[in-house]
There are 2 protein chains.
Amino acid sequence: ARPRVGYFYSGKKNADLFGDVLSRMRISDYQSVPIAVQETISVYDATVTMFMEDVGSLIVLKERYLQGVVSRKDLLKVAIGGGNIHEIPVNLAMTRLPNVVTVSSEASLYDAAVLMMRHQVDSLPVIPTKSAAGTNVEVVGRVSKTTITRAFVELGQYREV
Amino acid sequence: ARPRVGYFYSGKKNADLFGDVLSRMRISDYQSVPIAVQETISVYDATVTMFMEDVGSLIVLKERYLQGVVSRKDLLKVAIGGGNIHEIPVNLAMTRLPNVVTVSSEASLYDAAVLMMRHQVDSLPVIPTKSAAGTNVEVVGRVSKTTITRAFVELGQYREV
């Protein structure tokens, strides 16, 4: 496999090479499909969705618009809390706007990795443009530490080119 | 920040550069401290430990030796199952040997990333030598998709060297 960076380098200083290649890996080329639920469903139903879709986080919507993100960690916290997980709505467990860290599909995978490390989150909703945050936002994708790990593997396979 | 790869390249074909650099990133330079629990503790206590230590998985030991690994996903599955999480021992929730995917501290971060993608796990216990698997194994570290994401960010910062 060959990284989807689109071109080869020659004669560049190596010090620049990594940064350049990583900053040219577009999120839109690596993102996965966002798995979304409505904010009124229960913590139990959200957890079942998470298992069925085999993802580590869900986008929580009100109609079509981003309201929050809920992770395995968020659901686990509620599940061991002793409340009725069939009654508690997922919007009480989620991280909600404006605290959701999002990334633009035009950003680089490197930008996404920096955001995940800085904010200590495992995944980010991908939105059309960063400037749209604050208004009604539709989510177009999802990047996670799994996405980054896959890209890292792809970079390592570069030797096989 | 400068990647801990130890040297610079010159005159190499770029196609080899990534693979070489990634394969020289030693696990022992990036691994984090393993957080371990005894196999007899409850699912509830394991979950509390996970939150207190802020990790996504725990090493499960019998005395000093590796018995299994338990993830947020494993604990969440039990927590929504309706059983008594204060009674169910963590060793009923974990992935147990010989099904635990481990990595040697002498392997590369690239090897670890490949293993995590291939086996669809979020973290790996680091053991002294791969050949020790099958016998009584002591865990010396832990690598996760967070470790890979941190290394990816570090590679991207290479441009600042």
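The values are calculated or read from the model by the stated rules, or taken from the named source; none is laboratory data. Nothing here was measured: the structure is a model prediction, and the numbers come from that model. Glycine also receives a Cβ, built like all others from the backbone with ideal geometry; neighbour counts cover every protein chain displayed. Heavy atoms of the whole protein, side chains included, go into the accessibility calculation; ligands, DNA and RNA do not. Shrake-Rupley method; radii C 1.70, N 1.55, O 1.52, S 1.80 Å.
Can you name the condition, by its number, that A:VAL21 falls short on among (1) part of a loop (DSSP other than H, G, I, E, B); (2) of a type in the set (Val, Ile, Thr); (3) at pLDDT below 95?
Against the list (1) part of a loop (DSSP other than H, G, I, E, B); (2) of a type in the set (Val, Ile, Thr); (3) at pLDDT below 95, A:VAL21 comes up short only on (1).
When you scan the stretch B:139-152, do you find a residue that is open to solvent by 50 Å² or more (accessible area, probe 1.4 Å) and more than 21 Å from A:GLN157 (Cβ to Cβ), even just one? Walk me through how you get there before you give the answer.
Step one: filter the stretch B:139-152 for residues open to solvent by 50 Å² or more (accessible area, probe 1.4 Å), giving B:140, B:150.
So of that shortlist, the ones also more than 21 Å from A:GLN157 (Cβ to Cβ) come out as B:140.
Yes; the residues of the stretch B:139-152 include at least one that is open to solvent by 50 Å² or more (accessible area, probe 1.4 Å) and more than 21 Å from A:GLN157 (Cβ to Cβ).
Taking the stretch A:79-113 on its own, how many of its residues are in a strand (DSSP E or B) and in contact with a Ser or Thr (Cβ under 9 Å, 6 or more places away or on another chain)? Explain how you work it out, then say what you get.
Filtering the stretch A:79-113 down to residues in a strand (DSSP E or B) leaves A:89, A:95-96, A:103-104, A:108.
Within this subset, residues satisfying the condition of being in contact with a Ser or Thr (Cβ under 9 Å, 6 or more places away or on another chain) are A:89, A:95, A:104, A:108.
Result for the stretch A:79-113: 4.
Any idea how many residues of the stretch B:61-72 are among the basic types (Lys, Arg) and touching a residue at least 24 places away in the same chain (Cβ under 8 Å)? Reasoning before the result, please.
First pass over the stretch B:61-72, keeping only residues among the basic types (Lys, Arg): B:62, B:64, B:72.
Now drop any that are not touching a residue at least 24 places away in the same chain (Cβ under 8 Å), which leaves B:62, B:64.
Count: 2.
Please tell me if B:GLY82 is of a type in the set (Gly, Ala, Ser) and open to solvent by 60 Å² or more (accessible area, probe 1.4 Å).
Yes.
Please work out which one of (1) in contact with a strand residue (DSSP E or B) (Cβ under 7 Å, 6 or more places away or on another chain); (2) under 17 Å from A:GLY141 (Cα atoms) is the condition A:VAL55 fails and give its number.
Against the list (1) in contact with a strand residue (DSSP E or B) (Cβ under 7 Å, 6 or more places away or on another chain); (2) under 17 Å from A:GLY141 (Cα atoms), A:VAL55 comes up short only on (1).
Of the residues A:VAL90, A:VAL101, only one is under 12 Å from the mean Cα position of the chain (by Cα) and modelled with pLDDT of 95 or more; which? Spell out the reasoning first.
Details: A:VAL90 fails: under 12 Å from the mean Cα position of the chain (by Cα).
None of the other options fit; the residue is A:VAL101.
Of everything in the stretch A:102-132, what is more than 14 Å from chain B (Cβ to nearest Cβ), aliphatic (A, V, I, L, M) and farther than 13 Å from A:THR147 by Cα? Give them in sequence order. Quick ask: steps written out before the conclusion?
Initial filter on the stretch A:102-132 (more than 14 Å from chain B (Cβ to nearest Cβ)): A:102, A:104-106, A:125-132.
Narrowing the set further to residues that are aliphatic (A, V, I, L, M) leaves A:126-127, A:132.
Those that are more than 14 Å from chain B (Cβ to nearest Cβ), aliphatic (A, V, I, L, M) and farther than 13 Å from A:THR147 by Cα: A:ILE127, A:ALA132.
Can you tell me which of A:LEU97, A:LEU75, A:LEU66, A:LEU124 is among the hydrophobic types (A, V, I, L, M, F, W, C) and open to solvent by 20 Å² or more (accessible area, probe 1.4 Å)? If you could, list the steps in order and put the result at the bottom.
Working: A:LEU75 fails: open to solvent by 20 Å² or more (accessible area, probe 1.4 Å); A:LEU66 fails: open to solvent by 20 Å² or more (accessible area, probe 1.4 Å); A:LEU124 fails: open to solvent by 20 Å² or more (accessible area, probe 1.4 Å).
After applying the criteria, what remains is A:LEU97.
I'd like the full set of residues that are out of contact with any helix residue (DSSP H, G or I) (no Cβ under 6 Å at 6 or more places or on another chain) and either farther than 18 Å from B:LEU66 by Cα or open to solvent by 20 Å² or more (accessible area, probe 1.4 Å) (or both), limited to the stretch B:101-111.
Matches in the stretch B:101-111: B:GLU106, B:ASP111.
For the stretch A:25-54, what are the residues that are open to solvent by 70 Å² or more (accessible area, probe 1.4 Å) and either at pLDDT below 80 or within 11 Å of chain B (Cβ to nearest Cβ) (or both)? So that I can check it myself, show each step before the final result.
Initial filter on the stretch A:25-54 (open to solvent by 70 Å² or more (accessible area, probe 1.4 Å)): A:26, A:29, A:33, A:38, A:40, A:45, A:52-54.
Listed by number, the residues that qualify are A:ASP45, A:ASP54.
Collect the residues in the stretch A:56-74 that are within 15 Å of the chain's Cα centre (by Cα) and hydroxyl-bearing (Ser, Thr, Tyr), keeping them in residue-number order.
A:SER57, A:SER71
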